[in-house]
Amino acid sequence: AKSEGKNNVVTYTAGIDRRVREQAELTQDLRVALDLGQFEVHYQPVFCSSGERLCGVEALLRWHHPERGPVSPAVFIPLAERSGSIKEIGEWVLRTAAHQVAAWQRELPGCADLELAVNLSPAQLRDPALLTTIASALHDSGLAAHDLILEVTESMLLSDLDLARRQLNAARTMGAQVAIDDFGTGYSSLSYLAKLPADQVKIDQSFVRELESGATSVALVRTIVDMARALNLDVQAEGVEEVMQQDILAELGCPRSQGYLYSRPLPVAGFASFATERATL
Ligand code: C2E
Ligand code: CA
Ligand code: CA
Ligand code: CA
């Protein structure tokens, strides 16, 4: 029994060791991924009027690792955040997506007002150059500021509320919109929400997933929708996978939604055919 215990400790530390090494390797690989062209932006359609109208896309970053294949952003974004490379990567996503959406507005049927939502990381929000970067990306791409939505999470706002609020308000003065991502998972009292520099909240997937399972989750989502309406905020559901969920959301008066029910995140050509097919239905 004694030696077994020791073995467990050995296996355990070896496991941690391997993970630490793997993370160090990935962090190293991340530094050159941009230059080597290993990133790609995918675009997930967003629907308005309870699912009737295609009104925008969310830009979601993909990393094609030469040996490991696709690596999830849930894995590499935190590493890029810690190593500082997220600023450069985030700027690339913003510029790439802004160019793409501006082109789609000109070229694709029914997409003249297509909106672009981009996820901001904590390091980007803390970067004093953020506003200049956004202004420059809009200018270079020709995308109108009111078609840009900056997505931030509640926790990002909490950790550095003053600076975050100043930066986001400056972006809103420029005309851009701000959405609170993963809403409901953090600390969100009504008074706190009223102070946030936001135009929209995105109801977290976990609440949408539970919608069918009972009255409590319906009441919860109803509270968020009503609260958003009272504060004059737009509200969007994410992670909508079932027709039943969409029906409940429509009944609760949630106008915007996004999820596999409509479409997965798509590569450039995939979104172009998706939008074209919908326009000619
Ligand atoms: P998020 O911003 O909450 O993005 C939504 C995630 O849910 C995406 O995962 C999307 O593919 C997934 N999703 C959408 N609809 C459904 C659905 O119906 N069912 C399920 N199960 N999932 C759905 P993804 O692309 O793996 O991204 C994970 C997270 O990585 C994002 O969560 C975001 O926090 C981060 N991320 C992705 N791209 C970027 C980026 O360019 N910059 C930053 N800072 N973070 C990013
Ligand atoms: Ca998001
Ligand atoms: Ca989210
Ligand atoms: Ca999330």
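The values are calculated or read from the model by the stated rules, or taken from the named source; none is laboratory data. Computed from a prediction, not measured in an experiment: that's the story for all the values here. We place every Cβ from the backbone using ideal geometry, glycine too, and count neighbours over all the protein chains shown.
List of remarks:
- Failed item, numbered, when Glu154 is tested on (1) among the charged types (D, E, K, R); (2) within 16 Å of ligand 3 (Cβ to nearest atom); (3) in contact (Cβ under 8 Å) with a residue 40 or more places away in the chain: (3)
- Every pair of residues 6+ apart whose Cβ atoms lie under 6 Å, when the first sits in the stretch 196-207 and is closer than 19 Å to Thr173 by Cα while the second is within 11 Å of ligand 3 (Cβ to nearest atom): Ala198/Ile180; Gln200/Ala179; Val201/Ile180; Val201/Phe183
- Top-ranked residue of the stretch 78-126 - restricted to ones that are within 16 Å of ligand 2 (Cβ to nearest atom) and acidic (Asp, Glu), ranked as surrounded by the fewest Cβ atoms within 10 Å (Cβ to Cβ): Glu81
- Among the residues making up the stretch 213-271, those that are buried (at least 16 other Cβ atoms within 10 Å of the Cβ) and assigned to a loop (DSSP other than H, G, I, E, B) are Leu233, Gly239, Val240, Cys254, Pro255, Gly259, Leu261, Tyr262, Ser263, Pro265.
- Residue within the stretch 55-66 that is touching a residue at least 60 places away in the same chain (Cβ under 8 Å), away from ligand 1 (no atom under 15 Å from the Cβ) and not aliphatic (A, V, I, L, M) present: yes
- Against the list (1) modelled with pLDDT of 95 or more; (2) aliphatic (A, V, I, L, M); (3) loosely packed, with under 14 Cβ neighbours inside 10 Å, the condition Ala170 fails is (3).
- Subset of the stretch 173-210 that is modelled with pLDDT of 85 or more and among the β-branched types (Val, Ile, Thr) - its residue that is farthest from Glu115 (Cα to Cα): Val208
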